[in-house]
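Here the structure comes first, spelled out in structure tokens, and everything after it is commentary.
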Amino acid sequence: MTQQTTTQMLLAILEDTLVGEFRAYEALVRLTKDERRLLPDGDVTALLALIGQKERLLDEIDHLEHKRQMTLAEWARLEGRVAPPANLLSMLPELDALVARRLGHLRDGILALIEQQRDLARGNKLLVNQALQQIQAVRDFLINLCDTPRGYQPSGLAGPAYTRVTVAVEQMA
């Protein structure tokens with residue numbers, strides 16, 4: 001196999017990997033939007049299932065990122081470089097214009113999806129924190145509501161506050 005053929009094959013693998021990353025990030029954004037719809041309902045079962053899907057998807061993204069890094073390293077080795085490119089953007093000027101444009105568009109799409117994912121995740125985190133604050137407020141209210149008032153004794157006997165008032169009234173008399 002010639003070096004040019006191997007390079008073309010590596011670039012095809014790189015493009016396929018980037019397409020896989022793009023699709024995985026699209027799916028992650030979709031799941032995060034689903035999570036946003038489920039959060040107000042408090043459907044824990046549905047949320048746990050969704051979290052499982054997101055974890056599997058994140059594992060797939062990690063695998064694809066590793067594959068991309070390995071492909072870039074192999075491309076660099078084949079091109080006689082000491083080290084692989086720092087990122088995909090730095091290698092684009094050295095490629096055929098058509099290939100560079102396709103890879104560049106995929107890269108830009110992936111970065112846009114990552115930013116969208118981050119924004120959605122921040123919003124979901126705010127929703128979760130708001131729900132937790134509401135739960136804490138209800139909890140505190142219920143605890144205060146159920147506290148035994150001063151002076152009340154379960155047996156019906158007067159407590160210390162009632163005794164003080166009774167003593168004070170008797171002393172006035």
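Annotations for the structure displayed:
- Fewest-first ranking of ASP34, ASP59, using other Cβ atoms within 10 Å as the exposure measure: ASP59, ASP34
- Residue by residue, segment 63-80 carries 3J(HN,Hα) couplings of 4, 5, 5, 5, 4, 4, 5, 5, 5, 4, 5, 5, 4, 5, 4, 5, 7, x Hz when phi is fed to the Karplus relation 6.51 cos²θ - 1.76 cosθ + 1.60 (θ = phi - 60°); x denotes Gly or Pro.
Readers should treat all values here as calculations from the given coordinates under stated rules, not as data from a laboratory. Keep in mind it's a predicted model, so treat the numbers as computed, not measured. As a convention, Cβ positions derive from the backbone with ideal geometry for all residues, glycine included, and neighbour counts pool all protein chains shown.
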